[in-house]
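Quick note: the coordinates plus some simple rules give every number you see, no bench work behind them. Computed from a predicted model, the values in this text were never measured in an experiment.
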Amino acid sequence: MFLSAKVPPPPPLSAAGGERPLPPIGIAVMGATGSGKTSFINAASGSHLRVGNNLKSCTAEVEIAEEFTLDGRRVLLIDTPGFDDTNVSDAEILEKIAAFLAVTYKSGSKLAGIIYVHRISDERFTGVSVRNFKMFRQLCGDSTLKNVVFVTNMWGKVEDALGAAREKELAEVYFRPALEKDAQLARHHNTPQSAHEIIRRIMQNNPAPLLIQRELVDEGKDIKQTSAGVAVNEELTKAMERHEAEMNALREDMRQALEEKDEWMRKELEEESRKLKTQVDKMRTEMANMATKYNEERMKTEQAMRRMQEQGVQERQKAYEEHMKQIEELRAELERNTNATAGEREELLRRIHELECRWDSRPRGGGKGCIII
């Protein structure tokens, strides 16, 4: 379902310890296919998520990068598929993202912010970019735009002046509505340092639920009733209307081919019409089954989280037993070494105390793969 974040296993809840450490900072990374989302995540976290070399998507699922520490805080970056995948429809992408967001929010997790990645090397804000940005706005809603950073990348592929002109257009036209609601605009120069500076802009945010999380969890809406669901259905409806208009035109061409006894042309037109009908039928099925598919994705996500939590409990217990074994071995050594000097006994006591303190200071509440945002 998604990659688990590698989080150091904490002690059992019954273990003694001080205050509960701050939870990891969760940041979702969104944008069009090939915009450089995964490369940004790998640069920031040192992860090795698969990166595409062209516009074909390598992120068909929601994936979580390896947890890393920045300025003393743990950070989790979440990679999301774009709404222009070469093999997966927008409806399927929405179902996957919505299921992940709903399940994590229901478990008590909120995102500290979202990074939206856009290629400055793009000559224009294309229809694909517009569609991705529209879906992004429908997922977020206006109230969380203050936690959003629009990140332009691939600056090495353009002249500085040209890039600055495109950046100005993005700020004054396409991103303007969001920037007016306190979203930010930043440049990424494809280095860990650059990525970390962008993440620092989000680290002090107050985590807040996205619009789709409030709609699905707090308001109990069907996914088709959410703003994002309505937007996807509108796109599907427009596409079906275009295809149906094309099919009507093909029928007229086929009628003319029959009159002219052009058998080759008739067969070609029939094949084209059949392909269009298949696409229209698929779109109708996607619209009808959106709620069912979303519920299936949600259940898969819940099951994956339960498995990771169970694995985390097992790893915590195993780590706890191993840790206690080390302490007991040192204590046994201390009791055996009756002839040890004061300095040697002090060193053993220091090591025991260090192990006890190290365990007490470990993070509480989640193990490997647990999502605590």
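Here are the numbers:
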| quantity | calculated |
| --- | --- |
| Two-decimal ratio, the chain, of alpha-carbon radius of gyration to 2.2 N^0.38 Å | 1.28 |
| D (Stokes-Einstein, µm²/s), Kirkwood Cα radius, the stretch 293-340, 0.692 mPa s at 37 °C | 238 |
| The stretch 284-292 - phi-based ³J(HN,Hα) in whole Hz, Karplus 6.51/-1.76/1.60, Gly and Pro as x | 4, 5, 4, 5, 5, 9, 4, 5, 5 |
| Relative pair counts by distance (%), Cα atoms of the stretch 227-291, 10 Å bins | 21, 40, 22, 13, 4, 0 |
| Cross-link table LYS96/LYS168; LYS238/LYS267; LYS157/LYS238; LYS267/LYS293; LYS224/LYS275; LYS224/LYS300, entries beyond 29 Å C-alpha to C-alpha | LYS96/LYS168; LYS157/LYS238; LYS267/LYS293 |
| Residues whose placed amide H lies under 5 Å from that of GLY141, excluding near-sequence neighbours | LEU211 |
| Along each principal axis, Cα extent of the stretch 25-219, largest first, Å | 46, 38, 34 |
| Equivalent ellipsoid dimensions for the stretch 196-268 as semi-axes, Å, which come from the Cα gyration tensor, largest first | 51, 18, 7 |
